[in-house]
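Worksheet: one structure, shown below.
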Amino acid sequence: MNTKALRLAASLPLLFAGVGCSSPSTSYEDPNRPVLLENRFSINDLDKVAAESVRSLIGKGLEGTNRPMVFLAGIQNDTSEHIDTQAIADAIQSTLLESGQFRFTAGGQGQKSIQEQIDFQATAALPETAVKAGRQIGARYVLYGRLASFVQKGEDAKSVDYQFILRGANIETGEVLLAPITRIRKVTTNAAVGW
């Protein structure tokens, strides 16, 4: 065996031992501090989309009504990524409720849970404590949104643009009253590797 082969054979266990000795480190960090590890849609982007959409809605109001009743419909994901659009809707609804300027009807899971409780109370609750069905307040407005992405790739860079639009429409007339757009651009460049 030649000298180079012996050195290589002797250094391999050290190389693997060094790789095996490192352990991951986990720590708590400020969830409000942006972290960019990749150019995919992230919690930072969700926060920005929700904050800017809410700012537009609170600033304009819906036809001057006092605390309008709103139904929050779905948000369509027209990106190539798997994005939890329910998390975007939840963030928007939570922030609007905290503003004290909007009220929301229960949707989806909320309506299912309400119906289960009405059915239960109709058969198992004391009549004087059971709620009366059919007394929910109807929504006057509906909010619905769409998230799209546009990707550009070059030799040394990739750009991903996200566009989120949240529409607010009057349920009675069908008129779209608000449609604020939020845009986010993320650019990733390949860094030169030097040894």
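The values are calculated or read from the model by the stated rules, or taken from the named source; none is laboratory data. If you're wondering where the values come from, they're calculated on a predicted model, not measured in any experiment. Neighbour counts run over all protein chains shown; Cβ positions are idealised from the backbone, glycine included.
Below, the figures for the structure above:
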item: Residue match in region 163-170 (condition: surrounded by 10 or more Cβ atoms within 10 Å (Cβ to Cβ) and out of contact with any Leu (no Cβ under 9 Å at 6 or more places or on another chain)); result: no
item: Any hit, region 94-103, residues being closer than 30 Å to residue 163 by Cβ, small (Gly, Ala, Ser) and either modelled with pLDDT of 90 or more or assigned to a helix (DSSP H, G or I) (or both); result: yes
item: Number of the exception - residue 62 against (1) in a helix (DSSP H, G or I); (2) at pLDDT below 85; (3) touching a Pro at 6+ places or on another chain (Cβ under 9 Å); result: (1)
item: Options 80, 99, 113; residue that is touching a helix residue (DSSP H, G or I) at 6+ places or on another chain (Cβ under 7 Å), surrounded by fewer than 17 Cβ atoms within 10 Å (Cβ to Cβ) and of a type outside the set (A, V, I, L, M); result: 99
item: Criterion violated by residue 3 - all others in (1) modelled with pLDDT under 85; (2) closer than 16 Å to residue 178 by Cα satisfied; result: (2)
item: Yes/no for residue 53 being within 22 Å of residue 186 (Cβ to Cβ), among the polar types (S, T, N, Q) and part of a loop (DSSP other than H, G, I, E, B); result: no
item: Complete set of residues in region 96-131 that are in contact with a Lys or Arg (Cβ under 9 Å, 6 or more places away or on another chain) and among the polar types (S, T, N, Q); result: 101
item: Selected residue (only one of 136, 115 is in contact (Cβ under 8 Å) with a residue 24 or more places away in the chain and more than 30 Å from residue 52 (Cβ to Cβ)); result: 136
item: Residue pairs meeting the criteria (Cβ under 8 Å; at least 6 apart or on separate chains; first over 16 Å from residue 141 (Cβ atoms), in region 73-101; second assigned to a loop (DSSP other than H, G, I, E, B)); result: 77/83; 79/41; 81/40; 81/41; 83/41; 100/67
item: Within region 171-187, considering residues that are of a type outside the set (A, V, I, L, M) and under 20 Å from the mean Cα position of the chain (by Cα), the one surrounded by the most Cβ atoms within 10 Å (Cβ to Cβ); result: 182
item: Filtered residues of region 136-156 (kept if among the small types (Gly, Ala, Ser) and surrounded by 12 or more Cβ atoms within 10 Å (Cβ to Cβ)); result: 139, 145, 148, 149
item: Cβ-Cβ under 8 Å pairs, at least 6 apart or on other chains, region 24-47 side more than 16 Å from residue 79 (Cα to Cα), far side among the basic types (Lys, Arg); result: 36/186
item: Criterion: in a loop (DSSP other than H, G, I, E, B), over 23 Å from the mean Cα position of the chain (by Cα) and surrounded by 12 or more Cβ atoms within 10 Å (Cβ to Cβ) - qualifying residue of 106, 122, 133; result: 133
